[in-house]
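A short worksheet on the structure shown next.
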Amino acid sequence: MHKVRAIEVIEDYTARGKLDEGFLRLKRLRAQNRRTDGSTSPEYKIDVIDRPTLDAVALVIWARTARGVEVLTRHQLRAATYFRRGRTTALPEPEYLLIEEIVAGVLEPGELGLEALRHRAAEEAREEAGLSLDPAALRPLGGPFFPLPGIVSEKIHVFEVEVVRGAGPDVLDAPHEGDGSPLEEGSHLQWRTLVDAIRACDAGEIEDGKAELGFRRLAARLGVALSPP
């Protein structure tokens, strides 16, 4: 399979795009705060970004090996980080292409309840990592969280599951079909020790917030000792 080297923009249709179409829905609101004494604040503007469903799942897949606890990550295309290139940033940074994350995905319409969350996380593991998991084996890993509560309504529910780590290489191709999106092209999987994964977060090598949160919660659950960064 050929590797992806760039994302090419065919058309920027921002100016004619509607706020309520596409994968993300942007709401632009005028609002005011209503106080307990009946008074109100000055009016102000709010931007809120929704997905078709309000909840998502993230899954820390881990195994016990001779090297200790290992976790599985996935490197994949992320357009929002890719298009930071050529723009002014607070600090110098690389030109991003693949971002290292954990398995994750958005719930489908009608998926409600804890069992639906487990089912969706297991489906994402099948699509993104080629693993067949029993949803009942997935355990909640702490409470859900808002990744960007100032503007994004999405809440992420974190799970963990122990698997048997084969004797294969540390880095391997991800399932080519994924969810059928071209953004799945070029993805690959990587096994790291849990300690190494957290060190990579500290060093800025892994920059996915849900991955770091999941790794640290898993380390606390399993009693894995972490040295100071």
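The values are calculated or read from the model by the stated rules, or taken from the named source; none is laboratory data. If you're wondering where the values come from, they're calculated on a predicted model, not measured in any experiment. Ideal geometry is used to build each Cβ from the backbone, glycine not excepted, and the neighbour counts take in all protein chains shown.
A compact table of results
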{"read-out": "Subset of the range 129-152 [of a type outside the set (A, V, I, L, M) and under 27 Å from Leu26 (Cβ atoms)]", "value": "Pro144, Phe145, Phe146, Pro147, Pro149, Gly150"}
{"read-out": "The listed residue being closer than 22 Å to Arg120 by Cβ, within 19 Å of the chain's Cα centre (by Cα), surrounded by 15 or more Cβ atoms within 10 Å (Cβ to Cβ) and modelled with pLDDT of 85 or more, out of Leu194, Leu213", "value": "Leu213"}
{"read-out": "Conditions (1) over 19 Å from the mean Cα position of the chain (by Cα); (2) β-branched (Val, Ile, Thr); (3) at pLDDT 95 or above; number of the one not met by Val171", "value": "(3)"}
{"read-out": "First in the range 47-69 and hydroxyl-bearing (Ser, Thr, Tyr), second anywhere and not in a strand (DSSP E or B), Cβ under 8 Å, 6 or more apart", "value": "Thr53/Leu107; Thr53/Glu108; Thr53/Pro109; Thr53/Glu111; Thr65/Arg165"}
{"read-out": "Residue match in the range 164-178 (condition: in contact (Cβ under 8 Å) with a residue 60 or more places away in the chain, in a loop (DSSP other than H, G, I, E, B) and closer than 16 Å to Arg67 by Cα)", "value": "yes"}
{"read-out": "Search result, residues across the range 141-162 that are in a strand (DSSP E or B) and more than 15 Å from the chain's Cα centre (by Cα)", "value": "Val161, Glu162"}
{"read-out": "Qualifying residue in the range 24-44 (condition: outside any strand (DSSP E or B), surrounded by 13 or more Cβ atoms within 10 Å (Cβ to Cβ), touching a residue at least 40 places away in the same chain (Cβ under 8 Å) and touching a Lys or Arg at 6+ places or on another chain (Cβ under 8 Å))", "value": "no"}
{"read-out": "Matching entry among Gly143, Gly166 (being more than 15 Å from Val57 (Cα to Cα) and surrounded by fewer than 11 Cβ atoms within 10 Å (Cβ to Cβ))", "value": "Gly166"}
{"read-out": "Residue match in the range 121-132 (condition: among the polar types (S, T, N, Q), more than 17 Å from Leu72 (Cα to Cα) and assigned to a loop (DSSP other than H, G, I, E, B))", "value": "no"}
{"read-out": "Among the candidates Ile49, Ile61, Ile7, residue that is within 25 Å of Glu123 (Cβ to Cβ), surrounded by 13 or more Cβ atoms within 10 Å (Cβ to Cβ) and either acidic (Asp, Glu) or at pLDDT below 95 (or both)", "value": "Ile49"}
{"read-out": "Scope the range 49-93; condition in contact with a strand residue (DSSP E or B) (Cβ under 8 Å, 6 or more places away or on another chain) and at positive phi; matching residues", "value": "Gly68"}
